[in-house]
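Here the structure is laid out as structure tokens; the discussion comes afterwards.
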């Protein structure tokens, strides 16, 4: 019978949720899902509507989902911070399954994580310490007034004080459930929170600021999270940012050894593997191609397990949009056949590089999507391999593809990446920043006094960012030239000034940009094309007074 949902395309979140909840044996099928698939399912239907799904998940699944969902950062390359508001939403959703369920899950979760989460929402004081604070000659009156305005609850010898009104009922329900069913655990939790609150009062003399004890606990929880994520190949944003900064300052010739950041990461990953990782939940054979898995695949949430096509034998330039990366792909295919061990090492390095880009690099003023990170890593490694074989190509020594395979065997993928990343930064990004400054200054001269000052300030921001080696952080300054500079010229400069620049054929042709028009720099010819585009942009950048081109709709970023 034809699936009515599949026949009309991808189901809506409500249709998907209805279909999932109608599945027979739903609990077993939910518990057999990989945590990333479960996370995508919850995200698709919406956490607030996913209470029944969350109630069926195992604690191990929820721990891994929390690793992704409860940590946020403002920009790529910055370490994520714990999101207390998001935890509150999770707590409210879990309470839909009952207070006993919440208490049971909290006890099974890592204790440091639970302590951090509750400390973000409450302060805990013993009765004696609270009385002492209220009777203090210097600050007693102010403290008493502050205390009277707070929501609080007495639990044994502790006063639990809410830091905020929102969510207090849910937090209190969870604590009371722990008191009823896991009293010893609650006492440990309150003792730890109380020590942190006492340190807060002693060090800062108030009840409202986040203290060093909280930051230390968050660091411990973050460290445990990164260890779990490293088991799946994830790279910490700070590690990724350090690698990319090191790569930008690298030499023009690929090294034959790994850099310190990569060496440390792969060493730690190898140590984790040798100790034996905890088995990840996999889709159970009993589930087969049953209803839930089929629904998730039709919705694009789960994908069939398959080796990465970019690394397989005979990978071509067209595979997954890996434009221009034939030299690297063909060399990988040769290694796979002739040197399987080296092929496995290069595959691991390429996966690491893709994770570095996903964690530490911005792209078009946002984070990389996973497939984009893979394409960008492959393209950059291909450019690095071209740099490595450039002397042989110029001198026409031997078969180029044989030379490429030899070079790939001799140079780690991260070393090829570093050489290419350095050249891209030097010959494309920095050059684009210089053009951007010229564009803005030229527009400032042609504009009136008020607009001219704003454009001059924008040029200074780009210049300052470029001097710091990070011109992309000021890429938004180019928006000041909208309507004063040809729109396609601005798009070219934006694309090439990004932290990971790309060649956008639509922008060059003056058409509205499309996602599938993005081409990462993968060859020396691409570098030359980028330089040529920048030269043309600088020559035809500014308008004369009264000749401003009509601005076209800007691409959403």
*Of the residues 284, 271, 252, which is assigned to a loop (DSSP other than H, G, I, E, B) and at pLDDT below 65?*
284
*asked:* Going by what's in this entry, would residue 440 be described as modelled with pLDDT of 90 or more and under 29 Å from residue 348 (Cβ atoms)?
replied: no
*May I ask you to verify whether residue 356 is in the same structural domain as residue 534 (by TED's automatic domain parsing), part of a helix (DSSP H, G or I) and modelled with pLDDT of 95 or more?*
no
*Regarding residue 457, is this residue part of a helix (DSSP H, G or I), buried (at least 17 other Cβ atoms within 10 Å of the Cβ) and at pLDDT below 95?*
no
*What about residue 295, is it modelled with pLDDT under 80 and surrounded by 17 or more Cβ atoms within 10 Å (Cβ to Cβ)?*
yes
*Qualifying residue in segment 465-480 (condition: modelled with pLDDT under 90, under 22 Å from residue 362 (Cα atoms) and crowded, with 21+ Cβ neighbours inside 10 Å)*: yes
*Kindly provide the set of residues from segment 152-174 that are out of contact with any helix residue (DSSP H, G or I) (no Cβ under 8 Å at 6 or more places or on another chain), crowded, with 16+ Cβ neighbours inside 10 Å and part of a helix (DSSP H, G or I), ordered by number.*
168, 172
_Regarding segment 367-390, can at least one residue be identified that is outside any helix (DSSP H, G or I), touching a residue at least 40 places away in the same chain (Cβ under 8 Å) and out of contact with any helix residue (DSSP H, G or I) (no Cβ under 6 Å at 6 or more places or on another chain)?_
yes
_Members of segment 67-104 found to be surrounded by 17 or more Cβ atoms within 10 Å (Cβ to Cβ) and closer than 25 Å to residue 14 by Cβ, listed by number_ = 69, 88, 90, 91, 92, 93, 94, 95
*Look at residue 415 and say whether it is in the same structural domain as residue 347 (by TED's automatic domain parsing), in a helix (DSSP H, G or I), under 30 Å from residue 346 (Cα atoms) and in contact with a helix residue (DSSP H, G or I) (Cβ under 6 Å, 6 or more places away or on another chain).*
no
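Let me confirm something: among 181, 199, which residue is touching a helix residue (DSSP H, G or I) at 6+ places or on another chain (Cβ under 6 Å), surrounded by fewer than 20 Cβ atoms within 10 Å (Cβ to Cβ) and at pLDDT 75 or above? Break it down stepwise before answering.
Details: 199 fails: at pLDDT 75 or above.
It is 181.
The values are calculated or read from the model by the stated rules, or taken from the named source; none is laboratory data. Here the structure is a predicted model, which is why all the values come from computation and not from measurement. Methodologically, a virtual Cβ is constructed for each residue, glycine included, from the backbone with ideal geometry; neighbour enumeration extends over all protein chains shown.
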